[in-house]
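Following: one structure in structure tokens, then a few remarks.
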Amino acid sequence: MTAANAQDLDPELDLVLTRAVNAPPEILYLCWTTPEHLVHWFVPKPHKVTACDLDVRVGGRFDTTFLVEGNEMQNHGVYLEVVPNEKLVFTDAYTEGWKPAPEPFMTAILTFEDIGNGRTKYTAIARHRNADTAKAHKDMGFYDGWGTVVTQLEEYAKGLKP
């Protein structure tokens with residue numbers, strides 16, 4: 001399985017992070033789909049997740065609240081695709097009940113590909129609706145931020161059993 005075919009990626013709209021992670025796909029999927037786990041690694045430290053409400057099904061909510069430098073940031077979205085232990089797609093373009101968001105930012109496409117020996121090829125794609133939004137996300141530190149989060153996820157996952 002691949003995150004997206006190379007021809008599906010648009011360098012002006014899509015930011016892509018791929019890494020080999022020392023954890024099996026089912027553990028990474030569990031970390032992404034269980035609020036009790038997600039709150040421990042989902043934003044770069046010292047920032048933190050203060051609330052998380054997930055309904056992991058197509059059309060279900062993916063709602064998180066972060067505390068970043070004293071500012072609370074709420075993110076509401078929905079799952080577009082759920083393939084257990086393999087793929088999650090969610091977006092902030094809609095909220096639960098397919099209500100359009102006034103200012104959508106991105107759609108996230110995550111894949112977890114088993115590469116053997118308890119390791120996973122982890123791919124995260126942040127797909128944006130226009131080049132300006134993609135550039136803004138890149139300039140905000142997409143690669144450093146999402147890279148830090150993957151490192152935190154890998155570290156957290158070490159304490160979990162498949």
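With N denoting the number of residues in segment 79-125, provide Rg(C-alpha) divided by 2.2 N^0.38 Å, to two decimal places.
Details: Rg = 13.4 Å, N = 47, 2.2 N^0.38 = 9.5 Å.
Against the empirical 2.2 N^0.38 Å value, I get 1.41 for segment 79-125.
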Practice task
Can you work out the PRE-style zone for ASP144? Point 7 Å along Cα to Cβ, and I want the residues of segment 58-95 with backbone N under 18 Å.
Solution key: 68-70
Exercise for the section: Would you give the gap between the C-alpha center of segment 1-78 and the C-alpha center of segment 83-112, rounded to a whole Å? Expected result: 10
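Against the 2.2 N^0.38 Å scaling, with N counting residues, where does the chain land? I'd like the Cα-based Rg ratio to two decimal places. Before the final figure, lay out the partial values.
Working: Rg = 15.0 Å, N = 162, 2.2 N^0.38 = 15.2 Å.
Output field value: 0.98.
Translational D (Stokes-Einstein, µm²/s) of segment 1-77 at 37 °C and 0.692 mPa s when Rh comes from the Kirkwood sum over C-alpha pairs?
Values: Rh = 14.7 Å.
Stokes-Einstein gives a translational diffusion coefficient of 224 µm²/s.
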Exercise for the section: Would you work out what percent of the accessible area of the chain, with all protein chains in place, is carbon or sulfur (probe 1.4 Å)? Expected result: 51
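Cα-Cα over 26 Å: which of LYS87/LYS161; LYS135/LYS158; LYS138/LYS158; LYS99/LYS121; LYS87/LYS158; LYS48/LYS161?
Numbers: LYS87/LYS161 20 Å; LYS135/LYS158 33 Å; LYS138/LYS158 29 Å; LYS99/LYS121 33 Å; LYS87/LYS158 20 Å; LYS48/LYS161 24 Å.
Those over the limit are LYS135/LYS158; LYS138/LYS158; LYS99/LYS121.
Ranked highest first by average number of other Cβ atoms within 10 Å, how do 133-142, 29-38 line up? All intermediate terms of the calculation are to be shown ahead of the outcome.
Values: 133-142: 14.3, 29-38: 17.7.
Peptide ranking by packing, descending: 29-38, 133-142.
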Practice task
Let me know the charge dipole size of segment 1-104 about its Cα centre in debye, to the nearest 20, where only the beta-carbon of Lys, Arg (+1) and Asp, Glu (-1) is charged.
Solution key: 300
Exercise for the section: Identify the trypsin sites (Lys or Arg not before Pro) of segment 5-97 meeting these criteria: DSSP loop state and at most 16 other C-beta atoms within 10 Å of the C-beta. Expected result: ARG57
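What helices does the chain have that are whole DSSP H segments, at least 15 Å long along their own axis by Cα, and with mean Kyte-Doolittle hydropathy of 1.6 or more? Please report the intermediate quantities before stating the final value.
Numbers: long enough: 142-157 (22 Å, -0.18).
None pass (Cα extent of 15 Å or more, hydropathy at least 1.6).
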Problem - Charge tally in the Cβ shell below 14 Å around LEU160, where Lys, Arg are +1 and Asp, Glu are -1, LEU160 excluded - result: -2
Completion exercise
The simple spin-label model distance between ARG119 and ASP8, using points 7 Å out along Cα→Cβ, in nm, is 2.5
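The values are calculated or read from the model by the stated rules, or taken from the named source; none is laboratory data. Computed from a predicted model, the values in this text were never measured in an experiment. Reconstructed Cβ throughout: ideal geometry from the backbone, glycine too, with neighbour counts over all protein chains shown. Note: areas computed on protein heavy atoms with side chains; ligands, DNA, RNA excluded. Shrake-Rupley method; radii C 1.70, N 1.55, O 1.52, S 1.80 Å.
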